Structure formats: C-alpha cells, structure tokens
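See structure below.
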Amino acid sequence: MTNIQPHNEVSTPLSAKDDAAKTSALIAYCLMAVGFFTGIFWLVGAVWAMVKKGDAAGTIYEDHYTNIIKVFWWGLGLSIIGFFLAFIVVGYFILFAVWVWSVFKIVKGLAKITSNKAYSS
C-alpha cells in the first residue's frame, strides 16, 4: 500500500519584519472592515496603514498598505461626489458602487494576506 500525502505548499518562515508588517496590515484591514458599519474606524484603519507603511518597506506585504490607502482616498473622494450628486439621484448609485468596490478590495486584501501573499500576486 502506498502512502499518499496531500500536496502542501512549502512556506518559508516569515522574518520578524514581514511578521510585523503582516500584523499591522491585518489590523488596518480589520479596522476598515469595522468601519463599514461605524465610519470612524474606516478613517482609523487608513491612518494606521499610512503610519505603518514605512515599516513594511521591502516586505511582501508592502503593496497591501498601498491598497488600503488607495481604497480609503478613492472611497472618500467618490463618496463626497456621490453625496453631492445624491440630490439628483445618480449619487445613490455612485455611493452604492463605491461601497461594493470597497468591500471587494478589503475582502480581497484579507484573503491574500491571510494566505501570506502580496496583494498584487
């Protein structure tokens, strides 16, 4: 009888810098996810990512910080536009589209980072 074992990816252990960058990015993602319901945590998560981005330079998680910051600024800008255009109804569609896009980007980032992958991989 043969001993068949499932194929598992061999992962290299993370350096201390990689591990810290991953933890900080996870904190930012979680704060932004909570921010979908509370608002203020959206801002806190983005600021956290902006502050910690320099610490992640040169790690595989560096582009996660770029993703978080882009989602925040694009989401904020488009939400402001959507808010003003809500008076002529089209803004509600913009606000909904921004919300869906933001949820997608945050969930995708969480899925990638929990798999120890760069965001762009």
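Taking (1) modelled with pLDDT of 90 or more; (2) surrounded by fewer than 19 Cβ atoms within 10 Å (Cβ to Cβ) in turn, Phe36 satisfies each apart from (1).
The single condition among (1) within 15 Å of the chain's Cα centre (by Cα); (2) modelled with pLDDT of 95 or more that Tyr61 does not meet is (2). For Ala49, state whether it is in contact with a Phe, Trp or Tyr (Cβ under 7 Å, 6 or more places away or on another chain) and more than 17 Å from Lys117 (Cα to Cα). It is true that Ala49 is in contact with a Phe, Trp or Tyr (Cβ under 7 Å, 6 or more places away or on another chain) and more than 17 Å from Lys117 (Cα to Cα).
A Cβ distance below 7 Å, combined with a sequence gap of six or more or placement on separate chains, defines the contacts here; from the stretch 38-60, residues that are within 18 Å of Leu14 (Cα to Cα) reach residues that are not in a helix (DSSP H, G or I) in the pairs Ile60/Ala118.
If the condition is being in contact with a Phe, Trp or Tyr (Cβ under 9 Å, 6 or more places away or on another chain), among the hydroxyl-bearing types (Ser, Thr, Tyr) and outside any loop (DSSP other than H, G, I, E, B), then the stretch 89-121 contributes only Ser102. Residues in the stretch 5-29 that are more than 16 Å from Ala57 (Cβ to Cβ) and either at pLDDT 90 or above or of a type in the set (Phe, Trp, Tyr) (or both): Leu26, Ile27, Tyr29. Would you say Ser24 is outside any helix (DSSP H, G or I) and of a type outside the set (Asp, Glu)? Answer is no for this residue.
The values are calculated or read from the model by the stated rules, or taken from the named source; none is laboratory data. Nothing here was measured: the structure is a model prediction, and the numbers come from that model. So basically every Cβ, Gly included, is an ideal-geometry build from the backbone, and we count neighbours across all protein chains shown.
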